[in-house]
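Where a number appears in this text, it was derived from the coordinates with a stated rule and is not lab data. Nothing here was measured: the structure is a model prediction, and the numbers come from that model. Note that each Cβ is placed from the backbone with ideal geometry, even for glycine, and that neighbours are counted across all protein chains shown.
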Amino acid sequence: MKILKGGRLIDGTGAAPVEGATIVLRDNRIEAVMTRTQSDWPADAEIIDVSGMTVLPGLIDCHDHMANHRYSLEHRWRLDEPQSTRHLRTAAVLKQTLAAGYTMIRDAAGLDVGFRRAIDEGLIEGPRLVLSLSIISPIGGIGDAVSPSGLPLDDCCCIPGDPLVPPSVVTSVADVRDVVRKMVRAGADVIKCATTGGASSRQGHGPRDGAFNLDEMQALVDEAHALDRRVMCHALGGRGLDIAIEAGVDSIEHGCYLAENPRHLERMAERGIFFVPTLLVYEYHRRSPQPHVRERAQALQEAHVTSIQRALEIGVKVVAGTDAGGHGHPANAGELECLVKAGMTPMQTLQAATGWAAECCGKEAELGTIERGKLADLVVVKGDPLADISVLRDPANIALVIKDGEIAANRFSGPTLR
């Protein structure tokens, strides 16, 4: 049994903070959440005094690329390091991310099931993983990567040549259904697709340029839902955004130009479609060596803020996701600063990285909030993120990370009473 006593509790539901709370953990579950303390704990209880600190649910990043460490062509062509080094680099990033307070990651292409198995078996340390494996897109879409010379690249974001990740470029409705089934067979927890280009996609396939047609997208969504998988869709604007929402995807990733059509966000609210903006990555794209990427990133950032503000007004749940590759870790919480700057309150932002994020991943029954009976994923933070959300970005402020009831990272210098 572990008892965290005396801290400020922000439980992930949006409820007001509770000062001096006591949280009781038994095995891997939250046994009790109390607004008072007591002295007659069992003799074997580990009592941790977290007075002056904040206790949060484990943080969740709903859009990440843990195995993508650089955007350079030599990295995409696996010329810059041995494959074994890349795997070990990814393992190091997983450990860093957990130590930064992120107890669950929804990987939006790149990791295969071997990483999840290694974490579950205790071979490496890392967050819980919700895996998409790769990005399903048609010929000419973002998953159909081609170098400036015209030579094909490996599937977008994936570890090159990974036999555990099925090919993801499709050409027909039949292809779409086939690839969705293969992704599920390979261990995908969620299906990732793309209906538009993006900031870093090739010239001629930009943020408003479409990919799938409606029949293909409807087949993808129907097949995924029939197999009990949610669909996360890279869609920034134009007809591709229309098609994604019409087909009934479960979350819109990026969605920079959502506010251009008032019906987009209205339909998302009606259907319970989540919005995962990924603001932080555009700071990275603004430093790209490619002029067209820098130009797009500037325009996307400006449109993004309007779309987020409108989404909040209408009632769409905005969820935190970084779109970071391994290069963006362990500063995932920089996304939370971006959301506050875009107009979200600190409390809404914390929900975006906890309770709402768990809902987006379909994990709300077990994770995302600090409530009796849920899995014991918690973070103890030095300071008050409601007063200054930036405290979460510095791993030095993450005093304690508990995943599945066990201490996963410990920078705690306070007294353990017993």
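Search the structure for amide H atoms under 5 Å from the amide H of R230, placed 1.01 Å from N in the peptide plane, and list their residues when 5 or more places away or on another chain.
HN-HN under 5 Å from R230: I191.
Note down the magnitude of the dipole of the range 228-377 about its Cα centre, charges +1 on Lys and Arg C-beta and -1 on Asp and Glu C-beta and zero elsewhere, to the nearest 20 debye.
200
About its Cα centre, what dipole magnitude does the chain give when the only charges are +1 on Lys and Arg Cβ and -1 on Asp and Glu Cβ, stated in debye to the nearest 20?
For this selection, approximately 460 debye.
In deg cm²/dmol, rounded to 500, what helix-only [θ] at 222 nm does the chain give when every DSSP H run of at least 4 residues adds -39500 (n - 2.57) and the total is split over its residues?
Here the helix-only value at 222 nm equals -9000 deg cm²/dmol.
Of the DSSP beta bridges with both residues in the chain, give the percent that are antiparallel, rounding to the nearest 5.
Of the beta bridges lying entirely in the chain, close to 45 percent run antiparallel.
Any idea what % of Cα-Cα pairs in the chain are farther than 30 Å?
Of all Cα-Cα pairs in the chain, 39 percent lie more than 30 Å apart.
For the chain, set up a Gaussian network in which alpha carbons nearer than 10 Å are linked by springs, and say which option among M34, M268, M232 fluctuates the most.
M34
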